[in-house]
Amino acid sequence: MLLDVCLGTRTAWKILFVFAEAPGKAVSRKEIQQLTKLGNKVLTKFLLLLEKFGMITSSKIGKAYYYRLNLSNPFAEQIVETILLEKKHLNNPDFSALNVLREFVYELTNADLENLEQVILFGSYAKRTFSKDSDIDVAVITQEKSADDELLITDIIDRLHKRFRKEIQPHYYTTKEFKALEKKDKLVKEIVKDGIRLV
């Protein structure tokens, strides 16, 4: 199997993230679409690709198509292990929050933000004390203050909120500010103590 052809896109990985939640479970096409927020055409293309490469299998039950991770494929097993390891590193956030974080980090790293140093997840999602209504707290640490960068990040957050209905709450610091506040500011102490670095 040529891994770069089969797994070389974020779309293929988004679908595999769904299967990694419960590797032996059959998942309907509708469920996959709801969880990944992928359009019909793109979803169809990548389900067919993953099936062609033996990563997933499909079956029709009634009028609905169901897909299952092909656990007899050794690559599938390794991929699930890798996904679960990543999830463990991020302190096992729920699926929807992890989707939002992935999109947020993707957007940030592909935006024109040369100033960006670190993005750290903290608060209830880092500590596993979140509720359904919790926002996602992130510290955004830059080399220097930039109103343009903050506007760009706010735009990214607004687009993701419209798409996922999950609020991201950014807390901005320069590297110098963050260092200076590490020992005296309660919030920065919490970020240092419980934070999970995303970038």
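No value in this document is a laboratory result; all are computed from the given coordinates. Keep in mind the model is a prediction, meaning the values are calculated, not measured. Glycine gets a Cβ as well: all are built from the backbone with ideal geometry, and neighbour counts include every protein chain shown.
Taking the Cα centre of the stretch 1-53 as the origin, how large is its charge dipole in debye, to the nearest 20, when only Lys and Arg (+1) and Asp and Glu (-1) carry charge on their Cβ atoms?
Numbers: 9 positive and 4 negative charges, 47 e Å.
Magnitude of the dipole: close to 220 debye.
Quick check on my link table: of K60/K88; K60/K132; K37/K145; K127/K189; K25/K193; K25/K127, which ones sit more than 25 Å apart, alpha carbon to alpha carbon?
Among K60/K88; K60/K132; K37/K145; K127/K189; K25/K193; K25/K127, the Cα-Cα distance tops 25 Å for K60/K88; K60/K132; K37/K145; K25/K193; K25/K127.
Any chance you could list P(r) for the chain, counting all Cα-Cα pairs in 10 angstrom bins from zero, rounded to whole %?
The calculated distribution, bin by bin, is 8, 31, 31, 20, 8, 1, 0.
What trypsin sites (Lys or Arg not before Pro) does the stretch 116-189 have in DSSP loop regions with at most 13 other beta carbons within 10 Å?
Of the trypsin sites (Lys or Arg not before Pro), the ones in loops of the stretch 116-189 whose Cβ has at most 13 other Cβ atoms within 10 Å are R128, K132, K145, R165, K183, K184.
What is the angle, in °, between the Cα long axis of helix 95-110 and the longest principal axis of the Cα atoms in the chain? Nearest 10 is fine, range 0 to 90.
Once rounded, one gets 70 degrees.
With a cap of 11 neighbouring Cβ atoms within 10 Å, and only residues DSSP puts in a loop, list the trypsin sites (Lys or Arg not before Pro) found in the stretch 26-111.
Counting only loop positions with at most 11 other Cβ atoms within 10 Å, the trypsin sites (Lys or Arg not before Pro) in the stretch 26-111 are K63.
In vacuum, with every alpha carbon of the stretch 3-89 counted as one equal point scatterer, what does the Debye formula give for log10 I(q)/I(0) at q = 0.18, 0.19 Å⁻¹? Two decimals, please.
Log10 of I(q)/I(0), two decimals: -0.72, -0.81.
Give me the dipole magnitude in Debye, nearest 20, for the chain about the Cα centre, with unit charges on the beta carbon: positive for Lys and Arg, negative for Asp and Glu.
Value, rounded to 20: 1020 debye.
Answer with one residue from I120, L50, I83: the one whose Cα lies farthest towards the positive end of the charge dipole of the chain, charges on Cβ with Lys, Arg +1 and Asp, Glu -1.
L50
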